[in-house]
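Notes to accompany the following structure.
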Amino acid sequence: ADPLSPPSGGEARRMGDVRDILGMQGRGAAAPRPSKAMAKKPEGVSREAWALIGSRDQVNAPLVPADAALKEKRFSGRVSRWAWRPFTSSARSDGLVLHHWVTASDKSTDHKFARFNRPIRVPTYTDEEYETHLKDAEWSKEATDTLVELCLQFELRFPAVHDRWVGRHSIEQLKERYYAVAKQVAQLHFARQESGEGPDEPKIAADDPILALTYDRKHEEARKSAFEVLYRRDRSQVAEELKLLEEARRIEHSLKLAKKEQQRLLRATDDSGGGGAGLGLGARWGGGGSGDKSSLSLGDGGNGG
């Protein structure tokens, strides 16, 4: 039969049956498959959970209620009015007036960050207290008063205090003197507070850190000196130190491996029941099997003969 000739009636029916089985229409055209309308995954439902319940006609309610605070805030169409207003800060003592933009409903005149201002408390003492408890051979009363005033002015920022200091004292010496005076004054005030004296003095808690503070000037100087040595290393010194650290890590790793191997051999010795070559290994590694100790010294074979 000519392959180019049109098919006969029987062949046409057979080909039609094949097309029906294959779901084809016409000459080679695939029949459209019925589309399944898949519901869209709602927000807030995970993909795994939706794969389990997505084929249902009715979606169940979510197990966890949605948090109203996490919902998207939609624009309501109304905007807030803003105003250019002056303000002062209670954290300042000069009464400086500045301006900023705030909402029209904001009626506050103090700066919102002024509440974070925490003024420090420096020691106060009388001349009698100084002569009795605070006198020092290396410090005069005038120098001590100046130090306390600078600490109050710069809020215990000792680099700034040292920058304004007239003299040859180091930062560590200034800290040592200030903390010694503060501790002694706090102890005096706390003793009067416990005895009921000095009601106008500020209250000091029994667990106030200043009562037990001891500033170690020598330790602080040694710490800074060690830091300076560490900071001034050149590249060759840094490379040498890194090399030593790498070598130390390698040695530590080798020791761990040797220890694991030793433990493995000891377990093998115990599992051997103390016979044969296991006795020699147990005696060599300091362990022992179930055999007699005297037999361990006979040799690696452990046969005793």
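Show 208, 271 ordered by accessible area, largest first, where the area counts protein heavy atoms only and the probe is 1.4 Å.
Working: 208 35, 271 135 Å².
Order by accessible area, largest first: 271, 208.
Any chance you could look up the accessible area of residue 103 with a 1.4 Å probe, heavy atoms only, rounded to 10 Å²?
40
Relative to the Cα centre, what is the charge dipole magnitude of the stretch 127-253, using +1 at the beta carbon of each Lys and Arg, -1 at the beta carbon of each Asp and Glu, and rounding to the nearest 20 debye?
Value, rounded to 20: 780 debye.
Using a 1.4 angstrom probe with every protein chain in place, what is the largest-first accessible-area order of 227, 190? Display every interim value, and only then the final one.
Working: 227 115, 190 50 Å².
Heavy-atom accessible area, descending, gives 227, 190.
Show which aspartates and glutamates lie in cross-link reach of residue 112 when reach means a straight Cα distance below 20 angstrom and same-chain residues fewer than eight apart are skipped.
Answer for residue 112, where 20 Å is the Cα cut-off: 94, listed by chain and number.
For the stretch 226-243, list residues with backbone N below 19 Å from a point placed 7 Å from the Cα of residue 252 toward its Cβ?
Answer for this model: 239-243.
Given the whole protein assembly as supplied and a 1.4 Å probe, what does the accessible area of residue 107 come to in Å², nearest 10?
My reading of the accessible area for residue 107 is about 150 Å².
Could you sort the peptides 41-48, 76-83, 141-148 by per-residue average Cβ neighbour count (10 Å cutoff), highest mean leading? Present the calculation step by step, with values, prior to reporting the outcome.
On the way: 41-48: 10.5, 76-83: 7.8, 141-148: 15.9.
With the highest mean Cβ count within 10 Å placed first, the list reads 141-148, 41-48, 76-83.
Per the 1.4 Å probe, what fraction of the accessible area of the stretch 92-139, in percent, lies on carbon and sulfur atoms?
Working: 2070 of 3990 Å².
Exposed carbon and sulfur together represent 52 percent of the surface.
Starting at the first residue of the stretch 157-162, write each ³J(HN,Hα) from the Karplus equation 6.51 cos²θ - 1.76 cosθ + 1.60 with θ = phi - 60°, in whole Hz, x for Gly and Pro.
The phi angles translate into 8, 5, x, 6, 4, 5 Hz.
May I ask you to evaluate 6.51 cos²θ - 1.76 cosθ + 1.60, the Karplus curve with θ = phi - 60°, for each residue of the stretch 136-150 and list the ³J(HN,Hα) values in order in whole Hz, giving x for glycine and proline?
9, 5, 8, 10, 8, 5, 5, 5, 5, 4, 5, 5, 5, 5, 5
Using θ = phi - 60° and the Karplus form 6.51 cos²θ - 1.76 cosθ + 1.60, what ³J(HN,Hα) does each residue of the stretch 252-267 get, whole Hz, x for Gly and Pro?
3J(HN,Hα) across the stretch 252-267, in whole Hz: 4, 5, 5, 5, 5, 5, 5, 5, 4, 5, 4, 5, 5, 5, 5, 5.
Count neighbours as other Cβ atoms within 10 Å of each site's Cβ, and list the trypsin sites (Lys or Arg not before Pro) in the stretch 180-215 that are DSSP loop with at most 12 such neighbours.
Details: sites: 183, 192, 203; in loops: 203.
Within the stretch 180-215, the qualifying trypsin sites (Lys or Arg not before Pro) (loop, at most 12 other Cβ atoms within 10 Å) are 203.
Roughly how many nanometres apart are two label points built 7 Å out from the Cα toward the Cβ at residue 225 and residue 260?
Here the answer is 4.5 nm between the modelled labels.
Among rounded, prolate and oblate, which fits the stretch 112-253 when a ≥ b ≥ c are the square roots of the eigenvalues of its C-alpha gyration tensor, a/c under 1.5 means rounded, and a/b larger than b/c means prolate? Please report the intermediate quantities before stating the final value.
Working: a/c = 2.43, a/b = 2.10, b/c = 1.16.
Since a/c reaches 1.5 and a/b is larger than b/c, the shape of the stretch 112-253 is classed as prolate.
Roughly how many nanometres apart are two label points built 7 Å out from the Cα toward the Cβ at residue 191 and residue 126?
Distance between label points: 1.5 nm.
Which aspartates and glutamates have a Cα lying under 16 Å from the Cα of residue 218, excluding residues fewer than 8 positions away in the same chain?
Partners found: 172, 176, 228.
The values are calculated or read from the model by the stated rules, or taken from the named source; none is laboratory data. Every value quoted in this text rests on a predicted model; they were computed, and no experiment measured them. Backbone-built Cβ (ideal geometry, glycine too); neighbour counts: all protein chains shown. Ligands, DNA and RNA are excluded from the accessible area calculation, which covers all protein heavy atoms including side chains. Shrake-Rupley method; radii C 1.70, N 1.55, O 1.52, S 1.80 Å.
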